[in-house]
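Encoded as structure tokens, the structure appears first; notes follow it.
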Amino acid sequence: MRFIRRNLPSLAASAALMAVVAGCSAPAGSGTGAPGPDITVFAAASLTDVIEAMNEAYDGGGRLRTNLGSSAQLGSQLLSGAEADVVITADLEALDPVREKGLIAAEQVVAGNSTVLVLAPGNPGEVATLADLSSETVQSAVCAASVPCGRAAARVLDSAGVVLSAESREDSVRSVLTKVATGQADAGLVYQTDALSAANRGVTYLELNDPEPNQYPAALTVEGAEHEAAVGFYEWLAGDEAARIFREAGFRIPGQ
């Protein structure tokens, strides 16, 4: 898997001018780090378990206040004026509108994820291969084309030459996973990490030929670059402890 690191302005110059944030209001999130200013983190729904683990592990001088949703929703919120310090999306493309508005100060790829085929508990649709999703008797669930998991699904289906027959379109990968785990769909296309997280719900999965697994960029917003605590968390995301959390959830790590 080839990870892309975009060339964006260095934080070194701005770091020297940063003011230490003090006297912030009480956090709305559940982080357990040392007392300090809130760090508002917008993260893709596929990072739900990872963000929970980071809320427990991060102790870098700030408290995480998180907002989880589809990458498209997060981008729309930012473009509508929502304030965030760090944004982590499920693919590079999801950040394009935000970049174009000049809202990003720096970014780095922090993880990668492959697309797999999840099967409902007991496999009632008797799905054995991706091609089975073209049958009218198999109800499948995939993400809408406007979100990263939808783009990933289209990439995998196109590569295999498979056309879905009976499918529902969902706004996030977690919605797809819920449909399959509850038996509302026989099968669905989700990220491998989501499939792993649902193993205790009877969900199994088949690995697929994913020609270009998703890369997850973490972006420091222009607003976040002005806050020392936010910059600290952004840098922590590229470190060993964050890599351990990503890896334990089933994500790939850049350079590994």
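The values are calculated or read from the model by the stated rules, or taken from the named source; none is laboratory data. These numbers come from a predicted model, not from an experiment. Neighbour counts run over all protein chains shown; Cβ positions are idealised from the backbone, glycine included.
Couple of notes before you dig in:
- If only residues of the stretch 170-210 that are hydrophobic (A, V, I, L, M, F, W, C) and under 20 Å from ALA72 (Cα atoms) are counted, the one that is surrounded by the fewest Cβ atoms within 10 Å (Cβ to Cβ) is LEU177.
- When the stretch 211-226 is limited to residues that are polar (S, T, N, Q) and buried (at least 24 other Cβ atoms within 10 Å of the Cβ), the one that is nearest to VAL190 (Cα to Cα) turns out to be ASN214.
- Tally of residues being in a loop (DSSP other than H, G, I, E, B), among the hydroxyl-bearing types (Ser, Thr, Tyr) and touching a residue at least 40 places away in the same chain (Cβ under 8 Å) across the stretch 53-103: 3
- Positions within the stretch 145-154 being surrounded by fewer than 23 Cβ atoms within 10 Å (Cβ to Cβ), more than 18 Å from ASN209 (Cβ to Cβ) and in contact (Cβ under 8 Å) with a residue 40 or more places away in the chain, in sequence order: SER146
- Qualifying residue in the stretch 104-125 (condition: farther than 13 Å from PRO148 by Cβ and assigned to a helix (DSSP H, G or I)): no
- When ASN209, ASN214 are checked against the criterion of being closer than 30 Å to PRO121 by Cβ, free of Cβ contacts under 8 Å to residues at least 60 places away in the same chain and of a type outside the set (Gly, Ala, Ser), a single residue qualifies: ASN209.
- Within the stretch 112-123, the set of residues being touching a helix residue (DSSP H, G or I) at 6+ places or on another chain (Cβ under 7 Å) and closer than 14 Å to PRO213 by Cβ comprises ASN113, SER114, THR115, VAL116.
- Filter result (within 17 Å of the chain's Cα centre (by Cα) and part of a helix (DSSP H, G or I)) within the stretch 237-247: ALA242, ALA243, ARG244, ILE245, PHE246, ARG247
- ALA131 assigned by TED's automatic domain parsing to the domain that holds GLY202, free of Cβ contacts under 8 Å to residues at least 12 places away in the same chain and out of contact with any strand residue (DSSP E or B) (no Cβ under 8 Å at 6 or more places or on another chain): no
- Of the residues VAL180, VAL222, the single one that is touching a strand residue (DSSP E or B) at 6+ places or on another chain (Cβ under 6 Å), closer than 30 Å to ILE39 by Cα and hydrophobic (A, V, I, L, M, F, W, C) is VAL222.
- The single residue among ALA154, ALA131, ALA141 that is in a strand (DSSP E or B) and over 17 Å from the mean Cα position of the chain (by Cα) turns out to be ALA141.
- Residue that is surrounded by the fewest Cβ atoms within 10 Å (Cβ to Cβ), among those in the stretch 84-111 that are of a type outside the set (A, V, I, L, M, F, W, C) and out of contact with any helix residue (DSSP H, G or I) (no Cβ under 9 Å at 6 or more places or on another chain): GLY102
Okay, residues lined up against (1) at pLDDT 95 or above; (2) over 22 Å from PHE251 (Cβ atoms); (3) assigned by TED's automatic domain parsing to the domain that holds GLU93:
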position: PRO124; (1), (2), (3): yes, yes, no
position: ALA153; (1), (2), (3): yes, no, no
position: ALA160; (1), (2), (3): yes, yes, no
position: SER165; (1), (2), (3): no, yes, no
position: ALA181; (1), (2), (3): yes, no, no
position: ASP186; (1), (2), (3): yes, yes, no
position: LEU189; (1), (2), (3): yes, no, no
position: ASP194; (1), (2), (3): no, no, no
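- Checked against (1) modelled with pLDDT of 95 or more; (2) outside the structural domain of GLY202 (by TED's automatic domain parsing), ASP59 passes all but condition (1).
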